[in-house]
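Asks: To start, I am sharing the structure in question, which I have written as structure tokens.
The values are calculated or read from the model by the stated rules, or taken from the named source; none is laboratory data. The shown structure was predicted, so the numbers you read here are calculated from the model rather than taken from an experiment. No Cβ is skipped: glycine too gets one built from the backbone with ideal geometry, and neighbour counts run over all protein chains shown. For accessibility, only protein heavy atoms count, side chains too; no ligands or nucleic acids. Shrake-Rupley method; radii C 1.70, N 1.55, O 1.52, S 1.80 Å.
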Amino acid sequence: MLRSLGCWLCLWALRLPAPPAGTGAAARELDVASYRERVRAMFYHAYEHYLESAFPYDELRPLTCDGQDTWGSFSLTLIDALDTLLILGNVSEFQRVVNVLQEGVDFDIDVNASVFETNIRAFQTPTGMPYGTVNLLHGVNPGETPVTCTAGIGTFIVEFATLSHLTGDPVFEDVARKALKALWKNRSDIGLVGNHIDVITAKWVAQDAGIGAGVDSYFEYLVKGAILLQDKELMSMFLEYNKAIKNYTKFDDWYLWVQMYKGTVSMPVFQSLEAYWPGLQSLIGDVDNAMRTFLNYYTVWKQFGGLPELYNIPQGYTVDKREGYPLRPELIESAMYLYRATRDPTLLELGRDAVESIEKISKVDCGFATIKDLRDHRLDNRMESFFLAETVKYLYLLFDPDNFIHNDGSVFDVVITPYGECVLNAGGYIFNTEAHPIDPAALHCCRKRKEEQWEVEDLMREFYSMKKNKKFTLKRASDHGEGESAKDPEDASLEKGVEKRNSRKSSHSLLSCPSQSFNSKLAVLGQVFLDNT
């Protein structure tokens, strides 16, 4: 899925500098290993109690040791935790859960679901911008409000383009692009977008412009969509927004909320959701600005042991009724990206502080509870699914420099198809806004061809059963899409389970793996460098 963008946009292998002299590298390495294992233990404490007390509900209620449905009644926490299992190296549990979900989860249910929340794990409007809520069985309800937040419109291109590449159906990517362009078309004369818009009339209902709640992942997906698809237009759109954001919302490395048409300050606050921004800046090579903003946000964490949902910048304190911290991942996410780019030990210190705070304040017998008030550490009876999908994952990756996710392109797997060699697992994984990674090479390697009989589940089964750096052959599939490869003895039990699952007729779309030229150096951490960087 890496397309040539032209001379001004390209991905290069990230050269990570050695830790600075005098930083106590040996002692820090020992600490890193220790904190990595503590993060692993955090995951299993929460995960096992979800399975024991809450499954098949969406979320765990850790104070009462039971569960509740929140976003759609389809075991959301289990789905969100799935790839975290792989990142922690637990392949057998990953495969078991895949089987459980395939057999047990039904999306044809009479439930109203958030389009945004469901996709990150109804576009038939005059503007091409989707409704905010859709019924999974009946579609958009007749009385559904047409008012949707900006992020709810602009957070589809990563997943929908992936669907189009893997299925050969362009409709998913087409509707996602149309929605992005509709927002772009309706920006203000000074280059800003508001917070909520009417998807029928394209009139802005909430005109506060910023980088936080209601807008955040729109900007995130312009950058990540540009990297994933090597799309010059998406990156150009973001860079124009970035200029307007710096001109009107940035003050002393903080980002405020302003009126989208006038640029006047409307809310001098920092939202915890905005803490993703330094990580996004690092993806376009703006590391110095990213670090300065990150350090501002880190001072708030140190003040409270977490990030309150709203923080009044002039007063230097929390905002009334928004003092909670629901174990959000955004600051940890930024620390992970920036540490990969700089190796600055300050970023590891944030990870350390996060582990210590969460364990001390939030840990209870049945999991980890939302912190209702950071001032007195009162807890709330909820553990949102993003805690296992994002918070724990980014913490683990911060403390695990050798994780396969951090592959710098020097190691990869080659699939030999009837059409030539195809590279997978070379790095450059793109995280969606719920921290689910997508291998960019897979979008080019596996593409729909109606005349070819390849099934995605058989390709992935063969691929993940092999050792790193091995070449293996996938022969043209039979009527049931069975591939053949040499199997290692240690994979026998996993293979046996998968083969049993595949013994029934599969309903998955047929895919192909045609030959694609691929340069592994073009898929490193998804980092973008402009010509003048």
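Asks: Quick check on my filter: what residues within segment 167-220 are closer than 16 Å to Pro130 by Cα, in contact with a Gly (Cβ under 6 Å, 6 or more places away or on another chain) and outside any loop (DSSP other than H, G, I, E, B)?
Replies: Passing the criteria: Lys178, Ala179, Leu180, Ala182, Leu183, Trp204, Tyr218.
Asks: Determine which member of the set Gly22, Gly67 is outside any helix (DSSP H, G or I), more than 30 Å from Glu173 (Cβ to Cβ) and either at pLDDT 95 or above or open to solvent by less than 50 Å² (accessible area, probe 1.4 Å) (or both). Explain how you work it out, then say what you get.
Replies: Working: Gly22 fails: either at pLDDT 95 or above or open to solvent by less than 50 Å² (accessible area, probe 1.4 Å) (or both).
Result: Gly67 is the single residue among Gly22, Gly67 that is outside any helix (DSSP H, G or I), more than 30 Å from Glu173 (Cβ to Cβ) and either at pLDDT 95 or above or open to solvent by less than 50 Å² (accessible area, probe 1.4 Å) (or both).
Asks: I need every pair where a residue in segment 310-333 that is closer than 17 Å to Leu256 by Cβ has its Cβ under 8 Å from the Cβ of a residue that is part of a loop (DSSP other than H, G, I, E, B) and aliphatic (A, V, I, L, M), sequence separation at least 6 or different chains.
Replies: Leu310/Val319; Tyr311/Val319; Asn312/Val319; Ile313/Leu256; Thr318/Leu374
Asks: Go through segment 233-253 and give me each residue that's touching a strand residue (DSSP E or B) at 6+ places or on another chain (Cβ under 6 Å) and either open to solvent by 30 Å² or more (accessible area, probe 1.4 Å) or within 26 Å of Asn312 (Cβ to Cβ) (or both).
Replies: Listed by number, the residues that qualify are Tyr248, Thr249.
Asks: How about segment 309-399: which strands (runs of 3 or more DSSP E) wholly inside it have at least 2 residues that are touching a helix residue (DSSP H, G or I) at 6+ places or on another chain (Cβ under 9 Å), at negative phi and among the β-branched types (Val, Ile, Thr)?
Replies: 370-373
Asks: Would you call Met383 in contact with a Lys or Arg (Cβ under 8 Å, 6 or more places away or on another chain), over 19 Å from Phe304 (Cα atoms) and open to solvent by less than 10 Å² (accessible area, probe 1.4 Å)?
Replies: For Met383, the condition - in contact with a Lys or Arg (Cβ under 8 Å, 6 or more places away or on another chain), over 19 Å from Phe304 (Cα atoms) and open to solvent by less than 10 Å² (accessible area, probe 1.4 Å) - is met.
Asks: Then there is this: Going by what's in this entry, would Asp376 be described as more than 23 Å from the chain's Cα centre (by Cα), open to solvent by 10 Å² or more (accessible area, probe 1.4 Å) and over 22 Å from Trp301 (Cβ atoms)?
Replies: So Asp376 does not fit the description; no.
Asks: Based on what the data block shows, is Ala202 modelled with pLDDT of 95 or more, open to solvent by 10 Å² or more (accessible area, probe 1.4 Å) and out of contact with any strand residue (DSSP E or B) (no Cβ under 9 Å at 6 or more places or on another chain)?
Replies: yes
Asks: In addition: Within segment 297-308, track down each residue that is buried (at least 17 other Cβ atoms within 10 Å of the Cβ) and outside any loop (DSSP other than H, G, I, E, B). Give the derivation first.
Replies: Restricting attention to segment 297-308, the residues satisfying the condition of being buried (at least 17 other Cβ atoms within 10 Å of the Cβ) are 297-298, 300-301, 304-308.
Across segment 297-308, the qualifying residues are Tyr297, Tyr298, Val300, Trp301, Phe304.
Residue-wise test of (1) of a type in the set (A, V, I, L, M); (2) under 25 Å from Gly263 (Cβ atoms).
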position: Thr148; (1), (2): no, yes
position: Phe160; (1), (2): no, no
position: Val171; (1), (2): yes, no
position: Asp198; (1), (2): no, yes
position: Val205; (1), (2): yes, yes
position: Gly212; (1), (2): no, yes
position: Ser217; (1), (2): no, yes
position: Glu220; (1), (2): no, yes
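Asks: Looking at segment 211-225, which of the residues that are aliphatic (A, V, I, L, M) and touching a strand residue (DSSP E or B) at 6+ places or on another chain (Cβ under 7 Å) is surrounded by the fewest Cβ atoms within 10 Å (Cβ to Cβ)?
Replies: Ala213
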